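The values are calculated or read from the model by the stated rules, or taken from the named source; none is laboratory data. None of the values given here were measured: they were computed from a predicted structure. As a convention, Cβ positions derive from the backbone with ideal geometry for all residues, glycine included, and neighbour counts pool all protein chains shown. To get the accessible areas, we keep the full protein, side chains included, count just its heavy atoms, and leave off ligands, DNA and RNA. Shrake-Rupley method; radii C 1.70, N 1.55, O 1.52, S 1.80 Å.
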Amino acid sequence: MINTFLLSLRPSQQVGLLFVLLFGILTAVSVYAFVTSLRERPEGDPRILALKEFNGVLQTSWVMATVFWVGWALGETVATVLFGIVAFFALREFITLSPTRQGDHRSLVLAFFIVLPVQFYLVITRHFDLVTVFIPVYVFLAIPVVSALANDPARFLERNAKLQWGIMVCVYGISHVPALLLLKFPNYQGKQAFLVFFLVFVVQSCMLVQYLVDNKFKRKPIAPQISSTFNWTGWLIAVVVASLIGGLMSALTPFKPAQAVAMALIACVAGSLGHLVMKALKRDRGITNWGTEGKSVTGASGLLDRVDALCFAAPVFFHSVRWYFGI
């Protein structure tokens, strides 16, 4: 009966129903978090910090869901622009917590005001072949040239590698999320929002399951200086569970169940391992998160902490879909 009802709806109505459910869940969780915060707890109770971190995640979830909804309601172009703004704040957050020199200013101007808008313009205009190579090839070569012209050789390699890495993660990675809205599958017009939802949901499910398993069973971490909890058992369980969830969501996608499992597996592996890499970067910078005391230096509430897995998963998922389906 439910399937019959869903199939009777137009694509726009189906996507609208998705957002109704999404905002309904966020509202219910927000009410629960508010009620929980009213309970009196002694000072220093670890649950206070845990609740603070949870509220940070919840706040970011509201922001991202709202951005996604506004973008969908106003069209693909607006959605891409909004994700471009998200990429701007994520890159600013990354750069702010990394040391820079006077000689980096030209490269930073290039990154924020030329590379970022050009990358998202290429997405809007569906130049996907250029989207693939613009940053890894052309920008990779341009950044050190601009830096060399600034006549500052001190820590030249480290400074340029840092900026190149920030652009790859924050601009290249995030740009592939709205690019999913622009893919043209046969008999799937108007439903591309489900594809983005599928990607975000399976990646976040993987991260959540891994967090729960790691904290429940406390197995020996494989890289304790980077992550005190990451282990292969918890990671494997999380990837398998999230991939199966992806298979159950195949009706929302252009994939058959087995294809949905495979695509979810690809996204989860890339996202979870990318999250580990971002932890290594934070340890290198001597910080525990991309904000200070849970608050981002950009005012975005630790934005990069919330989207780092998606930054790695989105381009791998996008290009895997394009390659497999030949679109």
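Here the mean projected area of the convex hull built on the C-alpha positions of the chain is 18.4 nm².
Please report the relative contact order for segment 170-327, taking Cα pairs under 8 Å with a sequence separation of at least 6, and give it as a percent rounded to a whole number.
Details: 205 pairs, mean separation 44.1, N = 158.
Relative contact order, segment 170-327: 28 percent.
Solvent-accessible surface of the chain, averaged per residue with a 1.4 angstrom probe and all protein chains in place: 52 square angstrom.
May I ask you to list, by number, the DSSP H helices of the chain whose Cα span along the axis is at least 18 Å and whose average Kyte-Doolittle hydropathy reaches -0.5 or more? It would help to have the intermediate numbers written out before the result.
On the way: long enough: 11-37 (39 Å, 1.56); 46-74 (42 Å, 0.80); 76-96 (30 Å, 1.51); 192-217 (38 Å, 1.43); 232-248 (24 Å, 1.89); 257-285 (42 Å, 0.72); 303-325 (32 Å, 0.84).
Sorted by number, the helices that extend far enough and score high enough are 11-37, 46-74, 76-96, 192-217, 232-248, 257-285, 303-325.
Think of it this way: in the chain, Cys170, Cys311 stand alone, with no other Cys Cβ under 4.7 Å. In segment 212-327, one over the average inverse separation of all distinct C-alpha pairs is 15.7 Å, which is the Kirkwood hydrodynamic radius.
Surface composition of the chain: carbon and sulfur make up 68 percent of the accessible area, probe 1.4 Å.
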